[in-house]
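The values are calculated or read from the model by the stated rules, or taken from the named source; none is laboratory data. These figures come from a predicted structure and were not determined experimentally. Virtual Cβ from ideal backbone geometry, glycine too; neighbours counted across all protein chains shown. In case anyone asks, the SASA skips ligands and DNA or RNA and just uses the protein heavy atoms, side chains included. Shrake-Rupley method; radii C 1.70, N 1.55, O 1.52, S 1.80 Å.
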Amino acid sequence: MRRRQFLAATAGVGLHPVAVASPRTQSASFAPLGTLDVEGIAEAVVGDDDSTVYAAVSDGFATLDISDPTAPALLAERRDVLADRDGGPLSQIWDVKVDGDRLLVVGPANGTGGDQLRAAVVYDVSDPAAPELLGVHETEYPIHNSDLRDGVAYLTAIGTDGAELATVSADPDPERLGGWSLTDRDERWADVSFALANLHDVYVQDDRAYLAFWDAGTWILDVSDPANPTFVSRVRGRSVEKLRQFGANGAQRDGLRLPGNDHYVAVDDSGDLLGIGVEAWFESGPGGIELYDVSDEANPEHLARIDPPPIPEDENASYSEGVWTTAHNFEFDGDRLYTSWYQGGVKVFDVSDPANPTEIAAWRDTDDACFWTARTAGDVVVASSSSQPPNLDIEERLYTFPDPGAEVTTPTSERPTTTDASGPGFGVLAGLAGLGVGAWRYGRDC
């Protein structure tokens with residue numbers, strides 16, 4: 001666990017949110033340091049240097065420099081990926097993952113019909129300002145999400161004949177390694193509607209893969225041999241008997257409501273604490289984040305639920321017209337949990353006692369920001385605001401925030417050289433959390 005000096009102004013904030021008095025709220029000393037407009041931005045991940053962000057941008061990807069978090073800058077962008085291929089270019093690129101000097105770019109996120117190109121694309125990003133295409137693996141299925149670990153790409157293979165997790169080598173000549181399906185465990189899953197049992201996301205750490213299967217729950221696989229994933233445990237989820245009873249219309253309706261839907265999963269550094277993000281709408285209310293102790297994988301123990309941010313009193317939680325405050329992507333780092341909640345904003349929690357998580361920082365701008373993810377980048381929090389689902393009329397941009405408890409230090413290096421001059425510009429939001437305009441980098445006692 002990290003040792004941090006907490007800011008008195010942000011410590012001790014209760015877990016359960018209070019009613020929203022304004023669509024724009026923040027914790028003391030937790031406000032944007034800078035922003036960068038990035039057209040089409042969705043998922044964003046941070047490189048090992050904590051200064052480079054890799055962002056999916058719907059028709060490609062962008063690499064971004066946050067070495068000065070008050071003025072994030074574009075390093076490079078690649079639009080119209082694979083435009084020279086049949087069915088190209090690749091579309092609905094909502095997810096990227098980075099591992100060392102390899103970047104995985106996948107799409108389309110959903111079925112687009114026709115002869116649309118579907119692929120997992122690997123880039124060499126040893127120089128983030130000059131990404132180079134390394135390899136392409138075309139598929140028969142859309143790829144909503146993915147992970148990249150130790151030279152293996154883990155793909156959500158949507159709509160294939162049972163191969164709901166696909167493993168692919170992430171090298172200059174990518175090839176299919178193996179896969180795993182719910183039907184490998186029980187053939188009755190073949191009778192359950194896709195709306196209730198689909199692999200939405202995958203997270204890999206060490207030799208374990210954690211799979212978010214919507215209403216079918218969260219599953220753990222052994223991927224020590226990526227060509228032959230094997231079942232380890234099922235953390236939670238509704239029974240196959242129950243889910244088989246839904247007709248097509250009922251499945252579509254129930255698939256957007258609680259008690260589902262396991263949407264995103266991740267574990268902490270130890271692998272003992274599992275977070276499950278639940279995405280849900282309508283009268284049952286938005287979904288939160290469930291915390292589980294999985295130190296004994298055969299007997300997962302539920303520890304706590306982090307409630308979603310509230311919806312303004314004059315709004316509702318419907319899928320098509322409501323305000324979205326349901327959980328989206330998040331990240332553990334040490335004793336911190338960095339979370340995104342669409343229009344509900346960004347929140348940081350202390351999970352040193354995971355049975356009693358404590359909110360220590362929060363920021364939201366309901367009308368102008370809709371957060372897809374929140375990530376840690378050393379002493380900075382990075383979050384992407386996207387106009388992808390729910391198709392809001394907002395500015396698409398990357399935000400940087402001070403990590404709660406960080407201390408101001410002086411810059412020691414210059415920004416990397418930008419090689420791509422074209423692309424979106426950037427702007428810096430006013431107000432630097434009371435730190436002074438000249439103070440732009442933060443240190444911590446680790």
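Assorted remarks:
- In the range 173-200, the residues that are in contact (Cβ under 8 Å) with a residue 40 or more places away in the chain and among the acidic types (Asp, Glu) form Cβ pairs under 6 Å with partners that are open to solvent by 20 Å² or more (accessible area, probe 1.4 Å) and part of a loop (DSSP other than H, G, I, E, B), at six or more places apart or across chains, as follows: 191/244.
- For the residues 259, 286, the requirement of being assigned to a loop (DSSP other than H, G, I, E, B), open to solvent by 10 Å² or more (accessible area, probe 1.4 Å) and over 12 Å from residue 236 (Cα atoms) singles out 286.
- Tally of residues being among the hydrophobic types (A, V, I, L, M, F, W, C), open to solvent by 20 Å² or more (accessible area, probe 1.4 Å) and over 17 Å from residue 266 (Cα atoms) across the range 347-393: 1
- Sole exception among (1) assigned to a strand (DSSP E or B); (2) touching a helix residue (DSSP H, G or I) at 6+ places or on another chain (Cβ under 6 Å) for residue 154, by number: (2)
- Count of residues meeting criterion [closer than 17 Å to residue 170 by Cα and either open to solvent by less than 10 Å² (accessible area, probe 1.4 Å) or hydrophobic (A, V, I, L, M, F, W, C) (or both)] in the range 199-228: 5
- Selection of the range 122-138 for residues being open to solvent by 30 Å² or more (accessible area, probe 1.4 Å), assigned to a loop (DSSP other than H, G, I, E, B) and hydrophobic (A, V, I, L, M, F, W, C) yields only 130.
- Selection from the range 209-237 of residues that are of a type in the set (Lys, Arg) and over 15 Å from residue 300 (Cα atoms): none
- Strands (runs of 3 or more DSSP E) within the range 33-121 that include 1 or more residues touching a residue at least 60 places away in the same chain (Cβ under 8 Å) and open to solvent by less than 10 Å² (accessible area, probe 1.4 Å): 34-37, 44-46, 52-56, 60-65, 73-79, 102-107
- Within the range 304-321, the set of residues being farther than 16 Å from residue 256 by Cβ and open to solvent by less than 50 Å² (accessible area, probe 1.4 Å) comprises 304, 306, 307, 309, 310, 312.
- Candidates 335, 403, 420 - the one that is of a type in the set (D, E, K, R), modelled with pLDDT under 95, in contact with a strand residue (DSSP E or B) (Cβ under 7 Å, 6 or more places away or on another chain) and over 30 Å from residue 316 (Cβ atoms): 420
- Whenever a residue of the range 316-330 is touching a residue at least 24 places away in the same chain (Cβ under 8 Å), its partners that are open to solvent by 10 Å² or more (accessible area, probe 1.4 Å) and of a type in the set (A, V, I, L, M), lying with C-beta atoms within less than 6 angstrom and at least six residues away or across chains, give the pairs 317/311; 319/256; 323/311; 325/311.
- Within the range 234-269, considering residues that are polar (S, T, N, Q) and out of contact with any strand residue (DSSP E or B) (no Cβ under 7 Å at 6 or more places or on another chain), the one modelled with the highest pLDDT: 239
- Evaluation of residue 400 against (1) more than 25 Å from residue 200 (Cα to Cα); (2) more than 19 Å from the chain's Cα centre (by Cα); (3) of a type outside the set (Lys, Arg) (one fails), failing number: (2)
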